[in-house]
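Read through the structure below, which is laid out as structure tokens, and then see the notes.
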Amino acid sequence: MSDLAEQAAGPTPRPVVLITGAAQGIGAGMAGVFAGAGYRVAIADLEGLAAEAAAASLGPEHAGFGLDVADETVVRETVFAVERRFGRIDAVVNNAGIGDSHLPTLEQDFAAFRKVLDVHLAGSYLVAREAGRGMIARGAGSIVNVSSIAGLTGMPRRNAYSAAKAGIVAMTEALACEWAARGVRVNAIAPGYVETALVAKLIGAGRIDRDRMVSRVPMGRLGRPEEIGQAALFLCSPRAGFITGSCLSVDGGWAAFNDAGPAWQPER
Ligand code: NAD
């Protein structure tokens, strides 16, 4: 395009990302990273007011939406509302999630098992499907689904969470292959242990053991929400233009480690 034509076309509009479950935790960290990179961010969360507050903290060009990712009608309406507010959706990060019960399997409740699958797996499917409509119509878009180290190897008692996160990797591959020729890239990230405010609180209350978690991580520390955000931002960017169907580990080496004993010790 010539300089004159570029001036006539005006500035390229800032890209729009929809991040689910971004009122707090990893999603909130991601939202900050995308906003810092020039995206307009739609924060969608079960906690609608918290989503609006998180968006407002980023600036007036961002917006918060109440959303239950497991509710098909609500997902359709929310994607429509985001498109109406911003004109389009260039990128989606399916981040919303809930924890497993951590009970022994014989004591687990089937309704709770189903709920975890509904939020993580069905939720990612629904948001990808609805946002994918506009992306396919425009022939461009990028979707990042948040899996976990729990989706790659076995974690006792986390049946539903692990199954949902492994399912997300498989669904990412299926969608990536279906939409590759339509200009829409679909990838996953598999975070390791990430230190969110919630995790810090649990550590502080002695409910989870930081030293035990850290000893399993070759890099000897927990991840930061912004580091997960940087990986998602990369996958959404043109620099990842030939990457689709991948699952990127963002875990300080967790998934690469397969030796006996701790992966990291302070004196090493
Ligand atoms: P978090 O609990 O701090 O935040 C999750 C957010 O999702 C909350 O704001 C919550 O309101 C929202 N949410 C829950 N159910 C929802 C629903 N039905 N619809 C819309 N929003 C909903 O959790 P986090 O630690 O930030 O985790 C974010 C994602 O990263 C999850 O998918 C989680 O499984 C994954 N993950 C986390 C870690 C970790 O160490 N924290 C590691 C690997 C993967």
Practice prompt. Take the residues in region 77-124 that are surrounded by fewer than 15 Cβ atoms within 10 Å (Cβ to Cβ) and closer than 26 Å to Arg138 by Cβ, then tell me which one is farthest from the ligand (Cβ to nearest atom).
Written response: Gly87
Item to complete: Could you check how many residues of region 14-29 are under 13 Å from His62 (Cβ atoms), out of contact with any Asp or Glu (no Cβ under 7 Å at 6 or more places or on another chain) and surrounded by fewer than 24 Cβ atoms within 10 Å (Cβ to Cβ)?
Response: 1
Worksheet item: Among Val82, Val92, which is under 16 Å from the mean Cα position of the chain (by Cα), β-branched (Val, Ile, Thr) and modelled with pLDDT of 95 or more?
Response: Val92
Discussion item. Can you pull out every residue in region 210-226 that is within 20 Å of Ile189 (Cα to Cα), surrounded by fewer than 19 Cβ atoms within 10 Å (Cβ to Cβ) and out of contact with any helix residue (DSSP H, G or I) (no Cβ under 8 Å at 6 or more places or on another chain)?
Written reply: Met213, Met219
Worksheet item: How many residues, within region 119-153, are free of Cβ contacts under 8 Å to residues at least 60 places away in the same chain and over 24 Å from Val250 (Cα atoms)?
Response: 12
Worksheet entry | Given (1) surrounded by fewer than 17 Cβ atoms within 10 Å (Cβ to Cβ); (2) at pLDDT below 95, index of the condition Ala140 fails | (2)
Discussion item. So, in region 196-209, exactly how many residues are surrounded by 16 or more Cβ atoms within 10 Å (Cβ to Cβ) and either at pLDDT 95 or above or not aliphatic (A, V, I, L, M) (or both)?
Written reply: 1
Practice prompt. Would you point out the residue of region 163-194, among those that are surrounded by fewer than 20 Cβ atoms within 10 Å (Cβ to Cβ) and among the charged types (D, E, K, R), that is farthest from the ligand (Cβ to nearest atom)?
Written response: Arg182
Discussion item. So if I check each of Ala9, Ala50, which one is modelled with pLDDT under 95 and either more than 25 Å from Ala197 (Cβ to Cβ) or within 18 Å of the chain's Cα centre (by Cα) (or both)?
Written reply: Ala9
Discussion item. Regarding region 149-157, can at least one residue be identified that is touching a Ser or Thr at 6+ places or on another chain (Cβ under 8 Å), at pLDDT 95 or above, more than 14 Å from the ligand (Cβ to nearest atom) and on the phi < 0 side of the Ramachandran plot?
Written reply: no
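The values are calculated or read from the model by the stated rules, or taken from the named source; none is laboratory data. What you are looking at is a predicted structure, and each value in this text was computed from that prediction instead of being measured. Every residue, glycine among them, receives a Cβ derived from its backbone with ideal geometry; neighbour counts consider all protein chains shown.
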